[in-house]
Protein chains: 2
Amino acid sequence: MLVDHIAPPYYAVIFSSLLSEDTEGYAETADRMEQLAKQQKGFLGIESARSEIGITVSYWESLEAITAWKNNVAHSEVQKLGKEKWYQKYQLRICKIERAYGFEK
Amino acid sequence: MLVDHIAPPYYAVIFSSLLSEDTEGYAETADRMEQLAKQQKGFLGIESARSEIGITVSYWESLEAITAWKNNVAHSEVQKLGKEKWYQKYQLRICKIERAYGFEK
C-alpha cells in the first residue's frame, strides 16, 4: 500500500535488504513487526516492496519516535534474529522528508 | 542492487508508485531512465524493488542535483508519459539522509 501525502517535515527510515538463503519465519515476522510498528507513538505509515532486494520505508513524526521504535524490546529481539538468520546484507538510512508531492489518476 | 554505505549528509528521492493496467513499454523506459540517472552530476546510487507497489530510491549529493535531474529534458518527457499512461498513483518524497548504517554477513 502507498502511504498518502503527509505535509513535511517528518522523518523516514529507508531499510534496504538482501535476504540470505534461510528465509524460514521471515515473512511472518516481517508482518508481525509491521503490525507492531503501526502501534507505536509517532508512526505515520509504512511502504514495502521486494523483488531482487527488499525496500521498506517507514514514516515517523520525529527522530525520537524512530529511536523509541529501534529500542522497542520485541523489535530489538527481531533485529538480532535478522542479523543471525535472515539478512545477508542491509543498509538503514534515517532521513528528514523536506518536500513531498503526489499524483493520482 | 543495494547501494553501499555513503557518509551522510546527502539526499534521497523516495518514489513509491502503483502502476496502471497499461504497462506497455514501462520496464524498458524505467531501465533507460536508470541508466540516464547514473550519468547525471551528483548521482550517488539507486535501489529499486517492485511487488504490490514499486519503490525506487535514488541518492544524490545535493538538492541541486535532484532539481537538475527532475528538469532533464528526456526525463521530463518520460514523467509526462508516466502520468498519462503507466502510473495509477505515486508519491515522491525528497529527503536529507542524516544517519546511515549497514550490516553485512
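The values are calculated or read from the model by the stated rules, or taken from the named source; none is laboratory data. None of the values given here were measured: they were computed from a predicted structure. We place every Cβ from the backbone using ideal geometry, glycine too, and count neighbours over all the protein chains shown. Quick note on the areas: whole protein, heavy atoms, side chains included, nothing else; ligands and nucleic acids left out. Shrake-Rupley method; radii C 1.70, N 1.55, O 1.52, S 1.80 Å.
Name the pairs whose Cβ atoms lie under 9 Å apart, with the first residue in region A:49-60 and among the basic types (Lys, Arg), the second in a strand (DSSP E or B), and 6 or more positions between them or separate chains?
A:ARG50/A:SER17; A:ARG50/A:LEU19; A:ARG50/A:THR56; A:ARG50/B:ALA49; A:ARG50/B:ARG50
State all residues of region A:84-105 that are more than 30 Å from B:GLN88 (Cβ to Cβ) and either out of contact with any strand residue (DSSP E or B) (no Cβ under 7 Å at 6 or more places or on another chain) or at pLDDT below 95 (or both); if no residue qualifies, say none.
A:GLU84, A:LYS85 - these are the residues of region A:84-105 that are more than 30 Å from B:GLN88 (Cβ to Cβ) and either out of contact with any strand residue (DSSP E or B) (no Cβ under 7 Å at 6 or more places or on another chain) or at pLDDT below 95 (or both).
Does region B:14-30 contain at least one residue that is within 10 Å of chain A (Cβ to nearest Cβ) and in contact with a Cys (Cβ under 7 Å, 6 or more places away or on another chain)?
The initial filter retains those residues of region B:14-30 that are within 10 Å of chain A (Cβ to nearest Cβ), namely B:14, B:16-18, B:20.
From the residues that got through so far, the ones that are in contact with a Cys (Cβ under 7 Å, 6 or more places away or on another chain) too are B:14.
Yes, because at least one residue in region B:14-30 is within 10 Å of chain A (Cβ to nearest Cβ) and in contact with a Cys (Cβ under 7 Å, 6 or more places away or on another chain).
Any idea how many residues of region A:1-29 are within 19 Å of B:GLU52 (Cβ to Cβ) and out of contact with any Phe, Trp or Tyr (no Cβ under 9 Å at 6 or more places or on another chain)?
5
Being under 20 Å from B:ILE53 (Cα atoms) and assigned to a helix (DSSP H, G or I) is the filter here; which residues of region A:30-57 pass it?
Once the filter is applied, which keeps residues that are under 20 Å from B:ILE53 (Cα atoms) and assigned to a helix (DSSP H, G or I), region A:30-57 yields A:ALA30, A:ASP31, A:ARG32, A:MET33, A:GLU34, A:GLN35, A:ALA37, A:LYS38.
Pick from A:THR67, A:THR56: which is within 14 Å of the chain's Cα centre (by Cα) and either more than 10 Å from chain B (Cβ to nearest Cβ) or among the basic types (Lys, Arg) (or both)?
On the way: A:THR56 fails: either more than 10 Å from chain B (Cβ to nearest Cβ) or among the basic types (Lys, Arg) (or both).
Selected residue: A:THR67, the only one of A:THR67, A:THR56 that is within 14 Å of the chain's Cα centre (by Cα) and either more than 10 Å from chain B (Cβ to nearest Cβ) or among the basic types (Lys, Arg) (or both).
Looking at region A:28-44, can you tell me whether even one residue there is closer than 19 Å to A:GLY102 by Cα, touching a residue at least 24 places away in the same chain (Cβ under 8 Å) and either exposed (fewer than 13 other Cβ atoms within 10 Å of the Cβ) or within 14 Å of the chain's Cα centre (by Cα) (or both)? Can you show your working first?
Within region A:28-44, the first condition is being closer than 19 Å to A:GLY102 by Cα, and the residues that meet it are A:44.
Within this subset, residues satisfying the condition of being touching a residue at least 24 places away in the same chain (Cβ under 8 Å) are A:44.
Going one step further and asking which of them are either exposed (fewer than 13 other Cβ atoms within 10 Å of the Cβ) or within 14 Å of the chain's Cα centre (by Cα) (or both), we end up with A:44.
Within region A:28-44, one or more residues are closer than 19 Å to A:GLY102 by Cα, touching a residue at least 24 places away in the same chain (Cβ under 8 Å) and either exposed (fewer than 13 other Cβ atoms within 10 Å of the Cβ) or within 14 Å of the chain's Cα centre (by Cα) (or both).
Of all residues in region B:70-104, which are at the interface with chain A (Cβ under 9 Å from one of its Cβ atoms) and among the β-branched types (Val, Ile, Thr)? If you could, list the steps in order and put the result at the bottom.
Pass one, region B:70-104, residues at the interface with chain A (Cβ under 9 Å from one of its Cβ atoms): B:82-83, B:87-104.
Those that are at the interface with chain A (Cβ under 9 Å from one of its Cβ atoms) and among the β-branched types (Val, Ile, Thr): B:ILE94, B:ILE97.
Hey, can you tell me all the residues within region B:1-20 that are at pLDDT 95 or above and not in a strand (DSSP E or B)?
Step one: filter region B:1-20 for residues at pLDDT 95 or above, giving B:2-20.
Result: B:LEU2, B:VAL3, B:ASP4, B:HIS5, B:ILE6, B:ALA7, B:PRO8, B:PRO9, B:SER20.
Test each condition in (1) within 12 Å of another protein chain (Cβ to nearest Cβ); (2) open to solvent by 40 Å² or more (accessible area, probe 1.4 Å); (3) farther than 21 Å from B:PRO8 by Cβ for A:ALA49 and report the one that comes out false.
(2)
Do we find that B:PHE43 is more than 7 Å from every other protein chain (Cβ to nearest Cβ) and at pLDDT 95 or above in this structure? Give the steps one after another, and end with the answer.
Values: more than 7 Å from every other protein chain (Cβ to nearest Cβ): yes; at pLDDT 95 or above: yes.
Yes.
Determine whether region B:24-42 contains at least one residue that is within 30 Å of A:GLU84 (Cβ to Cβ), of a type in the set (A, V, I, L, M) and in contact with a strand residue (DSSP E or B) (Cβ under 7 Å, 6 or more places away or on another chain).
Of all residues in region B:24-42, those within 30 Å of A:GLU84 (Cβ to Cβ) come to none.
The answer is no; no qualifying residue exists.
What single numbered condition from (1) open to solvent by 20 Å² or more (accessible area, probe 1.4 Å); (2) over 13 Å from the mean Cα position of the chain (by Cα); (3) under 20 Å from B:ALA100 (Cβ atoms); (4) touching a residue at least 60 places away in the same chain (Cβ under 8 Å) fails to hold for A:ASP22?
(3)
Those residues that are open to solvent by 50 Å² or more (accessible area, probe 1.4 Å) and part of a strand (DSSP E or B), I need them from region A:58-105; list them, please.
Across region A:58-105, the qualifying residues are A:GLN88, A:LYS96, A:GLU98, A:ARG99, A:TYR101, A:GLU104.
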